[in-house]
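Here's the structure we're looking at; comments come further down.
The values are calculated or read from the model by the stated rules, or taken from the named source; none is laboratory data. Bear in mind that the values here come from a model prediction, so they are computed numbers and not experimental data. Backbone-built Cβ (ideal geometry, glycine too); neighbour counts: all protein chains shown.
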């Protein structure tokens, strides 16, 4: 453990990860979307998009084709609203990246 400069307390050395932690980090990018039918239409909560502003191509994805397939399936539902993992909800349209 390395000493924190501000507090003098020990903090974990994140440069050395256990195989279990590395595997967990890899699984973070495989997500489940939640689909809810509401009186206002279908709402999808997902990490398939970071935000409406992008990035269009997820720089952390190890499966860009799989991500595009997921996005296509979500958009085929014709959701009234998409709630992305890191940004404000948005209404998908013809400019929504796949």
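List, please: which pairs have Cβ atoms under 8 Å, are six or more places apart or on different chains, and start with a residue in the range 30-51 that is on the phi > 0 side of the Ramachandran plot and touching a residue at least 12 places away in the same chain (Cβ under 8 Å) and end with one that is assigned to a loop (DSSP other than H, G, I, E, B) and surrounded by 13 or more Cβ atoms within 10 Å (Cβ to Cβ)?
So the pair list comes out as 41/79; 41/80.
Let me confirm something: among 48, 69, 21, 25, which residue is at pLDDT below 95 and part of a loop (DSSP other than H, G, I, E, B)? Show your work before the answer.
Details: 69 fails: part of a loop (DSSP other than H, G, I, E, B); 21 fails: part of a loop (DSSP other than H, G, I, E, B); 25 fails: part of a loop (DSSP other than H, G, I, E, B).
Going through 48, 69, 21, 25 in turn, just one is at pLDDT below 95 and part of a loop (DSSP other than H, G, I, E, B): 48.
Would you mind finding the one in 38, 96 that is in contact with a helix residue (DSSP H, G or I) (Cβ under 7 Å, 6 or more places away or on another chain) and modelled with pLDDT of 90 or more? Spell out how you get there, then give the answer.
Working: 38 fails: in contact with a helix residue (DSSP H, G or I) (Cβ under 7 Å, 6 or more places away or on another chain).
Just a single option satisfies the conditions, and that option is 96.
Which of the residues spanning the range 72-98 are under 14 Å from residue 32 (Cα atoms) and outside any loop (DSSP other than H, G, I, E, B)?
Let us first name the residues in the range 72-98 that are under 14 Å from residue 32 (Cα atoms), namely 73-74, 82-85.
Answer for the range 72-98, where residues must be under 14 Å from residue 32 (Cα atoms) and outside any loop (DSSP other than H, G, I, E, B): 73, 74, 82, 83, 84.
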